[in-house]
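> Here's a structure for you.
The values are calculated or read from the model by the stated rules, or taken from the named source; none is laboratory data. This structure is a prediction, so every number in the text was calculated from the model and none was measured. Cβ atoms come from the backbone with ideal geometry, glycine included; neighbour counts cover every protein chain shown. Note: accessible area is taken over every heavy atom of the protein model, side chains too, but ligands, DNA and RNA are not part of it. Shrake-Rupley method; radii C 1.70, N 1.55, O 1.52, S 1.80 Å.
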Amino acid sequence: MSGTLVVNEIYLSLQGESTYAGLPCIFIRLTGCDLRCSFCDTAYAFTEGKKQTLDEILTAVKKLSSPYPKLPLVELTGGEPLLQPNTLPLMARLCDAGFTVLLETSGALDIARVDPRVRRIMDLKCPSSGEVERNRWENLAHLKATDEIKFVIGTVEDYEWAKQQIASHRLNASARWISVETSNTSISTSALIR
């Protein structure tokens, strides 16, 4: 019997972030998030969605990938995918089907039970997000060399905070890639370079 997930959308696009940027990717955007980051650009995924079985989701992914024999990339995003328990078996099934699976997660929930074949793209929430206290620092011990850490910065103070976290937690030794992205605020790149 197949479990269910509440899905906001499933679509094919180009990956715009991470070390996979520029590659075709099937996105599974799940419904629900327990954070309210100041810069969130997907608030529509907080509540909008339709219940689908894992079999239906897997069928949709296979259909989207069928014209592209070398399209093995699937990303689960949200909202926060880990809020829905059946995300874990879906990721395992996608891995079993030969897909490279990416999980974009806020970092506020435990990642220990995520299938080790999944590549985790984990946020560390900066102060201007309004959710810095929700960072689950225990997750750092579960990162693998294939995982990535993302900081979304909205202020120069966020940038300084991110540099401090990279140094104090030796993050450059625990993940293969650390990305620092600006939010949709008015911070300028030149302000960060100074």
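> For S129, work out the one condition from (1) under 14 Å from S18 (Cα atoms); (2) modelled with pLDDT under 95 it doesn't fulfil.
(1)
Let's see how each residue does on (1) surrounded by 14 or more Cβ atoms within 10 Å (Cβ to Cβ); (2) in contact (Cβ under 8 Å) with a residue 40 or more places away in the chain; (3) part of a loop (DSSP other than H, G, I, E, B):
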site	(1), (2), (3)
E17	yes, yes, yes
A21	no, no, yes
C33	yes, yes, yes
A45	yes, no, no
Y68	no, yes, yes
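> Quick one: R29 ticks every box in (1) crowded, with 20+ Cβ neighbours inside 10 Å; (2) in a loop (DSSP other than H, G, I, E, B); (3) not β-branched (V, I, T) bar one, so which box is it?
Of everything listed in (1) crowded, with 20+ Cβ neighbours inside 10 Å; (2) in a loop (DSSP other than H, G, I, E, B); (3) not β-branched (V, I, T), R29 misses just condition (2).
> Which one of the conditions (1) of a type in the set (G, A, S); (2) open to solvent by 50 Å² or more (accessible area, probe 1.4 Å); (3) in contact with an Asp or Glu (Cβ under 7 Å, 6 or more places away or on another chain) does S128 fail to meet, given that it meets all the rest?
Every condition holds for S128 apart from (2).
> Picking from L76, L102, L90, which residue would you name as being hydrophobic (A, V, I, L, M, F, W, C), within 17 Å of L23 (Cβ to Cβ), buried (at least 21 other Cβ atoms within 10 Å of the Cβ) and touching a residue at least 60 places away in the same chain (Cβ under 8 Å)?
Working: L76 fails: touching a residue at least 60 places away in the same chain (Cβ under 8 Å); L90 fails: within 17 Å of L23 (Cβ to Cβ).
Result of the check over L76, L102, L90: L102.
> Which of the residues that make up the range 70-104 are in a helix (DSSP H, G or I) and touching a helix residue (DSSP H, G or I) at 6+ places or on another chain (Cβ under 9 Å)? Spell out the reasoning first.
Let us first name the residues in the range 70-104 that are in a helix (DSSP H, G or I), namely 81-83, 87-96.
Result: P81, L82, T87, L88, P89, L90, M91, R93, L94.
> Would you point out which residue out of T185, T155 is farther than 26 Å from L64 by Cα, open to solvent by 20 Å² or more (accessible area, probe 1.4 Å), touching a Cys at 6+ places or on another chain (Cβ under 9 Å) and at pLDDT below 95? Walk me through it before giving the result.
Numbers: T185 fails: touching a Cys at 6+ places or on another chain (Cβ under 9 Å).
Within the list T185, T155, the selection yields T155.
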